Amino acid sequence: MYSDTRLILQNGALMQLTLRKGYRITCDEGEAWITVTGISRDFVLAGHETLELPPGRALIEGHGTLRVIRTRALPLQMTLWGIMQLSRLARHLRRRAVNVAAPATLH
């Protein structure tokens with residue numbers, strides 16, 4: 001699953017995002033000044049420009065509407081799906097163990 005989050009920047013507002021790998025930001029309208037921790041240069045986006053964001057903390061200042069798009073599958077969802085599958089398997093194995101271990105009663 002991919003996500004698309006819309007951000008509305010008030011004139012001069014400062015926003016901080018902490019990102020992992022696999023994000024892209026698009027400036028739908030207005031202008032945004034983006035500084036990413038560990039990168040010596042800043043990025044300026046105007047109407048309909050896009051930037052692949054490197055991992056790290058991004059500070060965004062400007063005005064207008066931005067979209068932050070996750071371009072890779074969300075690892076948390078994959079982890080939760082894996083946990084659900086393991087939980088189902090564990091229940092199945094417990095049921096089988098109970099059936100096998102139940103002592104037979106003779107009358």
Discussion item. Given the criteria part of a strand (DSSP E or B), in contact with a strand residue (DSSP E or B) (Cβ under 9 Å, 6 or more places away or on another chain) and in contact (Cβ under 8 Å) with a residue 60 or more places away in the chain, does Leu7 qualify?
Written reply: yes
Worksheet item: Taking into account only those residues within the range 37-58 that are over 16 Å from Ile69 (Cβ atoms) and either touching a Pro at 6+ places or on another chain (Cβ under 9 Å) or of a type in the set (Asp, Glu) (or both), which is modelled with the highest pLDDT?
Response: Asp42
Worksheet item: Of the residues that sit in the range 2-24 and are of a type outside the set (Ser, Thr, Tyr) and within 10 Å of the chain's Cα centre (by Cα), which one is modelled with the highest pLDDT?
Response: Leu19
Practice prompt. Identify the single condition in (1) in a strand (DSSP E or B); (2) among the hydroxyl-bearing types (Ser, Thr, Tyr); (3) farther than 19 Å from Asp4 by Cβ that Ser40 does not satisfy, given that it satisfies every other one.
Written response: (1)
Discussion item. Six or more apart or on different chains, Cβ atoms under 9 Å: show the pairs whose first residue is in the range 29-40 and free of Cβ contacts under 8 Å to residues at least 60 places away in the same chain and over 15 Å from Gly12 (Cβ atoms) and whose second is of a type in the set (Ser, Thr, Tyr) and surrounded by 14 or more Cβ atoms within 10 Å (Cβ to Cβ).
Written reply: Glu29/Thr65
Item to complete: Using the structure shown, decide if Ile69 is assigned to a strand (DSSP E or B) and either in contact with a Leu (Cβ under 6 Å, 6 or more places away or on another chain) or of a type outside the set (Asp, Glu) (or both).
Response: yes
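The values are calculated or read from the model by the stated rules, or taken from the named source; none is laboratory data. Bear in mind that the values here come from a model prediction, so they are computed numbers and not experimental data. FYI the Cβ positions are ideal-geometry reconstructions off the backbone, even for glycines, and counts take in every protein chain you see.
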